[in-house]
Amino acid sequence: MFTYERRLRFEDADVGQVLFYPRYFALCYEALEALLAEEIAGGYPSLLRERGLAFPTVHASSDFEHPIVWGDSARVELAVERIGDTSVSFYFEIYRGSDGIRAASIRQTHVLCTIANFAKANLPEDLRGALSPHLAEAAAPPTDGEHAGADAGDTIPPPPADDAGFGFDGHDDAPAMTVAEPLTAP
C-alpha cells in the first residue's frame, strides 16, 4: 500500500466548500504519480517523454461516503489489485485528515499504451516491479473493522470487485483508447 496526503485548496472545493466529486479522481491520479515518482527513475514523466508511453484510465467506479471540507487534508491510500500484461487495476481509499473517516473508495483500471497511436503496450519490467510490492494480497488484513487504515501502521486490502452491472472486467481485455475524429464547426 502507498499513502499520499495533501491539504485541500480553494480550487478543489465546490460552492458548498466541500471537495468537488471529480477532484477525488484527481487525488487518485496525484497519488499514482507520487507512487511512480518514488518507484521508477524519472517517474511518470519519464514514461511519457522518454518512452512514449501513457497510462490512461479506461475504467473507474466510486463510492462517496462523507464530505471533506476545504482546508482539511485528504489522505489517499493506494493498493494495486491486479497487474496484467498491459493493464493495472488500482484501489484507492480517501480519508479526511481531521478525523480519519473514510470519505470515498475508488477503483480504477489503467491500460499502458503508446502515445504515438494509442496501441496497447506490455508493462515494462521496471513498472511491474515498482507496482508489485503494492499488490493488495501482499498487504496485511485490517486491524480494526470500519476504520482500518486510519493509523499509519494499518493496511487495507480492497474488498472483492463488484461485478454487478458491468460486463467489462477491466483487465487485459480492456480496449485501448481510440483516436477520435477532430471536431469541426457546423
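The values are calculated or read from the model by the stated rules, or taken from the named source; none is laboratory data. Just so it is clear, the structure is predicted and the values come from calculations on it, not from any experiment. A quick note on method: Cβ atoms are made from the backbone with ideal geometry, for glycine too, and the neighbour counts reach across all protein chains shown. To get the accessible areas, we keep the full protein, side chains included, count just its heavy atoms, and leave off ligands, DNA and RNA. Shrake-Rupley method; radii C 1.70, N 1.55, O 1.52, S 1.80 Å.
If you check ILE156, ILE106, which single one turns out to be in contact with an Asp or Glu (Cβ under 9 Å, 6 or more places away or on another chain), modelled with pLDDT under 50 and aliphatic (A, V, I, L, M)? Working first, answer last.
Working: ILE106 fails: modelled with pLDDT under 50.
Sole residue among the options that is in contact with an Asp or Glu (Cβ under 9 Å, 6 or more places away or on another chain), modelled with pLDDT under 50 and aliphatic (A, V, I, L, M): ILE156.
Inspection of the range 93-105 identifies no residue that is in contact with a Phe, Trp or Tyr (Cβ under 9 Å, 6 or more places away or on another chain), within 20 Å of LEU135 (Cβ to Cβ), open to solvent by less than 30 Å² (accessible area, probe 1.4 Å) and part of a helix (DSSP H, G or I). For the subset of the range 40-80 comprising residues that are of a type in the set (Asp, Glu) and in contact with a Lys or Arg (Cβ under 7 Å, 6 or more places away or on another chain), which member is least open to solvent (accessible area, probe 1.4 Å)? Among residues in the range 40-80 that are of a type in the set (Asp, Glu) and in contact with a Lys or Arg (Cβ under 7 Å, 6 or more places away or on another chain), the one least open to solvent (accessible area, probe 1.4 Å) is ASP72. Looking only at the range 1-39, which residues are touching a Leu at 6+ places or on another chain (Cβ under 7 Å) and surrounded by fewer than 19 Cβ atoms within 10 Å (Cβ to Cβ)? ALA13, the sole residue that qualifies.
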